[in-house]
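Comments concern the structure below.
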Number of protein chains: 2
Amino acid sequence: MSESCVFCRIIAGEIPGDFVHRDEEIVAFRDINPVASTHILLVPRDHIESVQSLLPEQADLVGRMVLRARELAEQEGIADRGYRLVVNCGSEGGQIVPHLHMHLIGGRKLDDRIG
Amino acid sequence: MSESCVFCRIIAGEIPGDFVHRDEEIVAFRDINPVASTHILLVPRDHIESVQSLLPEQADLVGRMVLRARELAEQEGIADRGYRLVVNCGSEGGQIVPHLHMHLIGGRKLDDRIG
């Protein structure tokens with residue numbers, strides 16, 4: 001855990017989070033600035049800074065994040081209509097919190113613009 | 001391979017593609033309508049329709065797509081500045097070709113809007 005990381009602090013319960021999923025490896029909570037009716041962040045408990053710092057042996061963790069996102073899309077009732085998964089990496093990518101996370105967004109026809 | 005799938009046909013060489021990577025499992029080629037100077041599509045050779053049709057045992061394939069995207073970001077010289085990975089799923093998610101693919105975009109400060 002990184003004391004200065006807002007996601008680590010949410011995971012540790014020091015900052016409140018609107019959790020929709022928690023397991024030993026991955027947690028998911030609603031984005032505080034949602035861009036659509038479903039906007040969930042999937043976050044590994046381990047403080048991995050970004051895709052850039054992912055170890056090769058952590059690749060399957062990312063795969064499990066995607067499968068978990070799909071499960072949450074089903075829970076949210078948007079799986080059939082469709083949704084978007086986004087991982088921002090670094091400054092030009094728009095990553096704000098330096099703790100790897102995947103956005104799950106949906107609930108309306110999303111904008112075709114992705115960047 | 002699906003005869004009606006444009007990505008399967010690009011992979012098979014029936015439609016030209018500007019490839020930046022090819023291995024036994026994953027190919028990558030430039031998007032024909034790029035939204036930034038780097039806009040690459042990473043596509044599994046297998047015709048998997050979308051995240052919705054991904055089998056649990058294919059989760060690590062998605063992980064390898066992410067690691068490959070990172071490698072391509074390095075090749076493109078945008079790894080340090082940052083980039084975005086996007087997977088659209090289904091109609092409201094903005095998926096146009098029904099063959100699983102991951103967008104790697106970067107080369108400028110991307111728009112904060114992701115949906």
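The values are calculated or read from the model by the stated rules, or taken from the named source; none is laboratory data. Because the structure is a prediction, the values reported are computed rather than measured. Here the Cβ positions follow ideal geometry from the backbone for every residue, glycine too, while neighbour counts run over all protein chains shown. The accessibility values were calculated without ligands, DNA or RNA, using every heavy atom of the protein model including side chains. Shrake-Rupley method; radii C 1.70, N 1.55, O 1.52, S 1.80 Å.
Could you grab me the full set of residues in region B:46-89 that are among the hydroxyl-bearing types (Ser, Thr, Tyr) and surrounded by 17 or more Cβ atoms within 10 Å (Cβ to Cβ)? Spell out how you get there, then give the answer.
Applying the first criterion (among the hydroxyl-bearing types (Ser, Thr, Tyr)) to region B:46-89 yields B:50, B:53, B:83.
Those that are among the hydroxyl-bearing types (Ser, Thr, Tyr) and surrounded by 17 or more Cβ atoms within 10 Å (Cβ to Cβ): B:Ser50, B:Tyr83.
Assuming B:Ala69 fulfils every condition listed in (1) more than 8 Å from chain A (Cβ to nearest Cβ); (2) touching a strand residue (DSSP E or B) at 6+ places or on another chain (Cβ under 9 Å) apart from one, which condition is it?
The one condition B:Ala69 does not meet is (1).
Only one of A:Val27, A:Val43, A:Val97 is β-branched (Val, Ile, Thr), over 26 Å from B:Leu100 (Cα atoms) and either more than 10 Å from chain B (Cβ to nearest Cβ) or open to solvent by 40 Å² or more (accessible area, probe 1.4 Å) (or both); which? Walk me through how you get there before you give the answer.
Values: A:Val27 fails: over 26 Å from B:Leu100 (Cα atoms); A:Val43 fails: over 26 Å from B:Leu100 (Cα atoms).
The unique qualifying residue is A:Val97.
For A:Leu85, state whether it is within 12 Å of the chain's Cα centre (by Cα) and facing chain B (nearest Cβ under 8 Å). Spell out how you get there, then give the answer.
Values: within 12 Å of the chain's Cα centre (by Cα): yes; facing chain B (nearest Cβ under 8 Å): yes.
Answer is yes for this residue.
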